[in-house]
Amino acid sequence: MFYFTPPTAKQEDATMQSAHLNALEAKHATLDRQIAAETQRPSPDQSLLSSLKKRKLMVKQEMTAL
C-alpha cells in the first residue's frame with residue numbers, strides 16, 4: 001500500500017522557488033528575443049531598447065538573488 005505524505009514546508013518552498021526561477025528564465029528569454037528583434041529593425045527605438053535592457057537586467061538580478 002502507498003500512503004500520501006504531505007510535503008514539508010521546506011519541500012514546498014523549494015518547489016515554489018523552482019517554479020519562480022523557471023518563470024524568471026522564461027521572462028528573461030522573452031526580453032532577450034524582444035531586444036534582438038528591435039535591434040534588427042532598420043531604425044531601432046533606442047528608448048524601447050533601453051527599457052527592455054533595464055527590465056532584462058532586473059530579471060537577471062532577481063534570478064541570481066534566488
Output for segment 19-51, where each listed residue is touching a helix residue (DSSP H, G or I) at 6+ places or on another chain (Cβ under 6 Å) and within 14 Å of Glu62 (Cα to Cα): Leu24, Lys27, His28
The listed residue being open to solvent by 60 Å² or more (accessible area, probe 1.4 Å), at pLDDT 95 or above and of a type in the set (A, V, I, L, M, F, W, C), out of Leu31, Leu48: Leu48
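The values are calculated or read from the model by the stated rules, or taken from the named source; none is laboratory data. Since we're looking at a predicted model, the values are computed, not measured. As a convention, Cβ positions derive from the backbone with ideal geometry for all residues, glycine included, and neighbour counts pool all protein chains shown. We work out accessible area using only protein heavy atoms, side chains counted, and drop any ligands, DNA or RNA first. Shrake-Rupley method; radii C 1.70, N 1.55, O 1.52, S 1.80 Å.
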